[in-house]
Every structure is written in structure tokens, then in C-alpha cells.
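Everything on this sheet refers to the single structure shown next.
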There are 2 protein chains.
Amino acid sequence: MKAPLMLAAALLAAPALAAEPVKPAPSPGEIVAGALAGEWITIAPDDLLVMELAPDAKGRARRVVIQLISPPFSQPWVANIRTLARSHWWDGLAIVRAQDNYVVQWGDPDGEDAAKAKPLPPLVPTHESHYTVPAPAGLGKNGQSRFVNFSGYTDAFDDVFAGWPVATDQEEAAWPVHCYGSVGVGRGMSPDAGTGAELYTVIGHAPRHLDRNIAVVGRVIEGIEHLSTLPRGTEALGFYRTPEERTAIASIRLGGEVPGLPVYQHLSTDSASFARYADARANRRDPFFIMPAGGADVCNIPVPVRRLPTPEK
Amino acid sequence: MKAPLMLAAALLAAPALAAEPVKPAPSPGEIVAGALAGEWITIAPDDLLVMELAPDAKGRARRVVIQLISPPFSQPWVANIRTLARSHWWDGLAIVRAQDNYVVQWGDPDGEDAAKAKPLPPLVPTHESHYTVPAPAGLGKNGQSRFVNFSGYTDAFDDVFAGWPVATDQEEAAWPVHCYGSVGVGRGMSPDAGTGAELYTVIGHAPRHLDRNIAVVGRVIEGIEHLSTLPRGTEALGFYRTPEERTAIASIRLGGEVPGLPVYQHLSTDSASFARYADARANRRDPFFIMPAGGADVCNIPVPVRRLPTPEK
């Protein structure tokens, strides 16, 4: 007699259950919107690089905001980039390259012509040994923030977060990875490691083969559409064929030199909200989705950035 | 006495070895350029979808060529797309959406307004159960073409190649994956699986969370820059705010209806050259690189496509 009774109880309970509204699972964006104020980290103005391109064909301003990468990663190049910005070195130079599904690159169009190249301010030496650093404590195989295993061949390293997407090598070394929007340092053939004067942004699928071969120095946090929509160059590697095709750089400044710059914050990758957000990116359960992926790679979990909603007093 | 003799022999041999020029490792592009004629597969004209956008601001033509996905994948939608192309259904419709690092989408701007929507020709039914198919023989855990393991959480499936990048589930199911340039079918909320009338192309990092949630029906093989450089829409999800911001579609045709269309071929993913190319993409050893990655994901190993160098006789 038990089974029918339970069935009856279930039938009696059903209307009450049905009356409870079924709450859909939150989307990644909804989780980020609900993050606590203390989970956001304010980005210091001098960790921002503000690039003003020449206005577009309709006269509209084109501003690209880049966050410079945090220690311990790529610091010799970051130091040079601050020196170049403070000396207004990029002003009047240009976007020289746009290669589809790869990079947009800027710097001195005459940089490889010693007679015409724009003189550089004093810069610190860089070396390819600085592409990696000792892994910060807590990262690596035993870290909490393990995501996809990038390497199908060697199973030798993990991708994790340390404010930035980072790959780690059995807790011995760590390096920032190339994702959409990452900013890196153009260079010549090894042992040249680049100064930081020639920079590029990724505008396609993460070119992870560049990791540990080029310094990653930052990420675009606003305005990447001003780079990603530029006409592609038609020469090899997407370089523009004629000077007229290039886009002029009006100025590049550190954030501290830009009047009225908004305050930008990024979500702490150590926060509970980031963990929920990353899980939701890896397993979409919001209404549109019918089959959660069961995983995501670090480049599909972009670190959320916002403008501070109200001015800081 | 044997070891010193061998050493002496080695020393004697050294100058001759040094005189041999050190041949740099070939780049992925060089490997593809050296592929044998028999390793290329000609794409049938009716497996091509040729989209002509309205000319750009300077009057230049904008053609996008899409290869429709091969059986057994997504065939109900492919059948509908052929029907729609043959009835010239897309002519005069528009690009309605461009979301940075995500998708560009086209179709009927009035598609969701029953009173104004353009009537559709008779189409076959579609169902979300068709997002996956039984894995073709030879794919999956025991296949030869295993690349990166996409899922860091479940370790449940592998990414492989079957002419197309495909994910497999322990040899039971397979599904085409979303990479840069993939073409998919817009849809409403489940159980709507879309007809194929509303299409999009990926213009950013592979949105793998869409796999098994949306039908992948093809890939752009030429002219993606005409989509990836379009101005981004400013409404939610990158939809254009005003009709004037949309780009008009002059026509979409199957390749067999396009006079003078070049012959396109893709490299067989079963070929020896493709295996060498994939390995080179995963482990760059050409001169610029100092540290091979040790792996690559399927979306970083785009299937090479070429125009047939000489006209077919």
C-alpha cells in the first residue's frame, strides 16, 4: 500500500511545487552583475595605456584602453612601455598591420630603417628568458583554479588564473597566455626579444603557439572594436601596402595623464563570484542552452572588467 | 680503444657536417605548399555558398565563400540552406548583427514579425537531436588524429578531424565544433532548432559552449574579412540599432549557379601532409620560434583551402 500512498502524496504536492516559480540558472553576465563590491579590484591609472587613434571617417573618436600586465609577468617590457608612453613616443606613429584572425600591430613604420627610425628614449634590456617566471604560489597542478589542459600532446601544463590567464608548468614556471585582446611585443628573430615599442593585439582565435615565444604585456579592456574592424592589410602577414592605408595614432598615454579617465575595475580571479562565473562559462545552464559544454579554455573565460558605476569620492 | 676512435671519427666528420647548410624546419605554410596534388579534395560547386554583399563605400565587391558541411553532419539544415539559396531567398536581406569576438549574423530583419517576415520556401523539419551524429568509424579515443582534449572538467571527449574539426564522445557520438569562421544556424529558444534561414559566422575566439546547442553548417573559406571588419552593432548582442547600419546582401547562391567561380580544394585531413601540418602547428620549429607549444587545439589547426592553381580541363 505504500507505493500508491506515496504517489498520492506526490500528486497532492505537485500543485504546490508547480506554483513555485522555476528560477532559471543565472548566465555568466548575471553572476558578474551580482558580484560584491569587494570582489572588484581597481586598476591603477598608470597600469592603463590609453590609445587615441585618429578619428574615423565620420569624425568619431576612437579610444582603446589597455591594462598593462601585473607583476611578476613581463615587467622589463612593461617598464619600457611606461617610458615610451611618458615620452609620448607613439604620437604620430601608426597602425601598420591588420591580419585577419591574428593580430593588429602598431609602432614606427620606419622602425626597421636605421636612418629614418624615430629615436627611442633610454630603455631597459629585455631577454627571452623573461617570457616565463617562477610560478606564483598556489598556481599549477595543485591550484584551485584549474581549467582546460591546453596541451593534447604532452599533458605537461595547466591553464589557470592569476588575475590574468596564465599557463603553468608543474608549478615550476608560469607565463601569460595569448587570448583574444591580449597585447604582445613585436620582435625580430631570436635573440631579439623586442623593446615594447612595437605592439600588437590579438583579434582572432587565441594564437597559443606564440606563448613563451613573445612577451604578453597587457589586454585591451575597452574599445577593441576600433582595432578589430580595421581593414585587413594585403601584403604578407597583413601589413598595409601603402602608407595611406595605415591608421594614425594621435596619442598613447598612461592613464594618469588622461584627464577625466573613468575608473576601471576587474573582477578578482580569486573571488567566489569569479569561480561561479568561470563554472557558468564552462557549463552554460541559462535558458538558451540545452547541453553544457563540460569545460572551457582560459581564453573563453575573459576576466570581467567594468567602469566603476559611480565616481570615486 | 673503440670510444676514442669513434670520437676521432666524429671529429673528422664534423667539418663535412658543418659544411652542409642547416635546413630550417618547414613552417606549416611550407608543408601545405608542398602537399601532393592527390592530397587535395575538390569541393563540389553545390557544396559552396557564395554570398555577395552590397559593394563597400569605395564601390568594391565583397564576396564571401562558404563551404557547406559534409555528411553525416547537420544535413537537415544543409538541405534547407540549399533550398533557400536555389530560391534566391536571401537576396535583398541583410547582415543584422555584428558582436565583437563573437559572431556576424544575417537573415531576414523582419523574421520575428509574422506579419512582415519574408515567406519561406518549403523546408524540412530540424531537431536538436541532429546536433550530434554517431561517430564515423575511426574517430574518437582510438582514432589516429587525436589533438587537444577540450574538456578540462570531464575528460569525456576528444577533438579530432573528419575533413572538419569534430568533437567525439567515446566513439559514440560526434559533432562539428565552433571555430573562427564556422557558420552556424541562428535559432530561438529550445526546442526551436532553426531552419537555416538565419545564419552566423564566428569572428572571434572559438565559442565552444555553442557546440551541441546550435547546428554548425559550414565554414568561410574566402572573404571572411568582409564580415569580420563590419562595424559592431551597439544594441544588445551586437544587433544594429537602425536599419541604415545593416549591410545589404545582394545575393546568396550555390556555387553551381555562379559563372566563373574558381575551383576550391581543401587538404584531406587523412593525408600525410595534413598530419605533418598539424604537428607543425602544434610544435612550431620554423626559425622565428624558440619554444614549441607542445600542443594545439583543433581551432588552431584550420583545414587548408586553396583555389586550384590552374583551371581544370
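The values are calculated or read from the model by the stated rules, or taken from the named source; none is laboratory data. Everything quoted here is computed from the prediction, not taken from an experiment. Cβ placement follows ideal geometry from the backbone for every residue including glycine, while neighbour counts extend to all protein chains displayed. Heads up: the accessible areas ignore ligands, DNA and RNA and are worked out on the full protein's heavy atoms, side chains in. Shrake-Rupley method; radii C 1.70, N 1.55, O 1.52, S 1.80 Å.
For the stretch B:195-209, the set of residues classified as in contact with a strand residue (DSSP E or B) (Cβ under 7 Å, 6 or more places away or on another chain) and within 11 Å of chain A (Cβ to nearest Cβ) consists of B:Val202, B:Ile203, listed by residue number. Checking the stretch A:230-239 against the condition returns no match, with no residue being assigned to a helix (DSSP H, G or I), within 9 Å of chain B (Cβ to nearest Cβ) and surrounded by 18 or more Cβ atoms within 10 Å (Cβ to Cβ). Residues of the stretch B:210-229 that are facing chain A (nearest Cβ under 7 Å) and more than 19 Å from B:Phe73 (Cα to Cα): B:Ile224, B:Glu225, B:Ser228, B:Thr229.
Rundown of residues vs (1) closer than 21 Å to A:Ala293 by Cβ; (2) at pLDDT 95 or above, yes/no style:
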residue: B:Val202; (1), (2): yes, yes
residue: B:Glu257; (1), (2): no, yes
residue: B:Ala275; (1), (2): no, no
residue: B:Ala293; (1), (2): no, no
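Whether a residue is of a type in the set (A, V, I, L, M) and touching a Phe, Trp or Tyr at 6+ places or on another chain (Cβ under 7 Å) was assessed, and A:Val124 does not pass this test. Determine if the stretch A:117-133 includes at least one residue that is at pLDDT below 95, aliphatic (A, V, I, L, M), open to solvent by 40 Å² or more (accessible area, probe 1.4 Å) and over 30 Å from B:Leu227 (Cα atoms). No, the stretch A:117-133 contains no residue that is at pLDDT below 95, aliphatic (A, V, I, L, M), open to solvent by 40 Å² or more (accessible area, probe 1.4 Å) and over 30 Å from B:Leu227 (Cα atoms). Return a yes/no flag: does the stretch B:196-209 have any residue that is closer than 24 Å to B:Ile43 by Cα and touching a Lys or Arg at 6+ places or on another chain (Cβ under 8 Å). So far as the stretch B:196-209 goes, yes, one or more of its residues are closer than 24 Å to B:Ile43 by Cα and touching a Lys or Arg at 6+ places or on another chain (Cβ under 8 Å).
When A:Gly255 is tested against (1) in contact with a Pro (Cβ under 6 Å, 6 or more places away or on another chain); (2) surrounded by fewer than 16 Cβ atoms within 10 Å (Cβ to Cβ), just one condition goes unmet, and that condition is (2). Selection of the stretch A:32-82 for residues being among the β-branched types (Val, Ile, Thr), assigned to a helix (DSSP H, G or I) and either modelled with pLDDT under 95 or open to solvent by less than 10 Å² (accessible area, probe 1.4 Å) (or both) yields A:Val78, A:Ile81. Scanning the stretch B:278-300 for residues that are of a type in the set (Asp, Glu) and either more than 19 Å from the chain's Cα centre (by Cα) or surrounded by fewer than 21 Cβ atoms within 10 Å (Cβ to Cβ) (or both) gives B:Asp279, B:Asp286. One residue stands out among those in the stretch B:257-313 that are hydroxyl-bearing (Ser, Thr, Tyr) and out of contact with any Asp or Glu (no Cβ under 8 Å at 6 or more places or on another chain): the one that is nearest to the other protein chains (Cβ to nearest Cβ), which is B:Tyr277.
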